[in-house]
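Participant: Have a look at this one before I ask anything.
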Amino acid sequence: MPDHVFAPGGQHLTLNVTSSSKDLYFMTPNWSVANETTGVFEVQSIRVMNNSNKRVEVYLQFMTGLQPSTNIETATQGGNSMGDMSSGQNYSFMYQIEAGHMVDVSDKSTPFYFKAYDYNEAPAYFPNTGIKLLQFNQEGGTHSGYITMIVYYKYYLNRQNSTSTESQGLFRYNS
Amino acid sequence: MSTNIYWAHEVKSYTYVVKNNFVGSSNVVTLLTATPNSNRFVSSVICLNVSNIDAEVSLAIGTGGNTLALSNIINRAMIPPKTTAILSDLQSPIYLQAQNPGANRDLVFNSPDNAQLNFTVTYHEITDNSGF
């Protein structure tokens with residue numbers, strides 16, 4: 001019996017823009033207890049649609065929960081809540097998107113992995129891994145309409161409810 | 001061939017961002033290291049130039065030290081301001097294989113421009129009991 005199962009999924013996240021800048025989040029929920037993980041999201045594609053009336057600049061920032069503590073010069077992500085993503089300039093992508101246009105941020109050629117992880121104590125578990133989208137109005141004036149981020153993923157559920165801080169259970173089978 | 005060799009029983013993966021500024025014309029920054037018992041399958045290397053100037057970025061496989069060897073460069077890109085470049089993806093993955101015994105292999109980058117670069121690297125850690 002494998003110790004994980006996987007299921008496909010998707011989220012269409014819509015931001016109603018009424019001011020100069022706003023953000024939205026793709027959060028990777030966890031069905032576990034604090035400081036444990038129940039699985040990993042393999043993000044298959046990310047797209048951003050600008051359905052507002054202005055050209056926007058869009059920043060995307062990742063909080064994967066899978067950062068190693070070794071073999072890396074400078075690990076800049078981390079922290080204990082999604083709110084920490086608002087600090088610094090730890091972005092992975094930047095785009096200028098004309099009104100009515102869409103960008104393909106990533107596809108299956110560049111998958112990303114996010115550990116479903118809750119840092120806070122029960123009962124208020126709060127997902128602290130995911131993708132933050134930050135948009136800025138580049139033309140000034142009244143900004144209205146919608147920014148949509150479309151994320152498709154495969155979710156690997158870890159039946160063993162690992163307490164590892166790494167992606168334990170991903171692609172691994174009991175034998 | 002030994003019958004005791006097994007490998008890739010467990011695959012780990014990470015995604016993270018590295019932020020680094022100007023590293024000079026010949027110095028490199030290590031993104032990832034493969035050790036003799038733990039190799040790395042790199043599925044993507046994404047570089048965002050956060051700055052307002054162009055940045056020339058070289059991706060290389062190093063054998064230790066912090067000096068860029070021209071013969072070790074595997075990709076080079078001139079990245080415009082506030083632009084993301086995909087230096088490697090699943091269509092052209094990188095396998096970091098350390099030599100046994102004892103010689104690590106590093107995935108490194110160099111940028112002679114005074115630009116801030118954010119790297120997002122996704123890889124699988126492949127460990128075996130033989131050291132390949």
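The values are calculated or read from the model by the stated rules, or taken from the named source; none is laboratory data. Since the structure is predicted, the reported quantities are computational estimates derived from the model, not experimental observations. Every residue, glycine as well, gets a Cβ built from its backbone with ideal geometry; the counts of neighbours run over all protein chains shown. Only protein heavy atoms, including side chains, enter the accessible area calculation; ligands, DNA and RNA are left aside. Shrake-Rupley method; radii C 1.70, N 1.55, O 1.52, S 1.80 Å.
Participant: Report the accessible surface area buried between chains A and B, summing both sides, using a 1.4 Å probe on protein heavy atoms only, in Å² rounded to the nearest 100. Could the numbers behind the result be given before it?
Facilitator: Working: alone 9040 and 7130 Å², together 13280 Å².
Interface between A and B: roughly 2900 Å².
Participant: Can you pull the mean other chain C-beta count within 10 Å for peptide A:129-137? Don't skip to the end; give the middle numbers.
Facilitator: Working: counts 0, 0, 0, 0, 0, 0, 0, 0, 0.
For this peptide, the per-residue mean of nearby foreign Cβ atoms is 0.
Participant: Per residue of B:112-119, what is the mean number of Cβ atoms on other protein chains within 10 angstrom of that residue's Cβ?
Facilitator: 2
Participant: How about A:Lys22: which lysines have a C-alpha closer than 20 Å to its C-alpha, ignoring those fewer than 8 places off in the same chain?
Facilitator: Straight-line reach from A:Lys22, under 20 Å: A:Lys54, A:Lys132, B:Lys82.
Participant: Taking each residue of A:106-115 in turn, how many C-beta atoms of other protein chains fall within 10 Å of its C-beta, and what is the average? Mind showing how you got there, number by number?
Facilitator: Details: counts 6, 2, 3, 9, 12, 7, 7, 8, 1, 3.
For peptide A:106-115, the averaged partner shielding equals 6.
Participant: Can you tell me the length gained on complete extension of the stretch A:Asn51 to A:His12, counting 0.36 nm per residue apart and subtracting the Cα distance?
Facilitator: Numbers: separation 39, 0.36 × 39 = 14.04 nm, distance 1.34 nm.
Length gained between A:Asn51 and A:His12: 12.7 nm.
Participant: OK, next. So how far apart, in nm, are the two label points at B:Asn27 and A:Lys154 if each is 7 Å from Cα heading toward Cβ?
Facilitator: Here the answer is 4.1 nm between the modelled labels.
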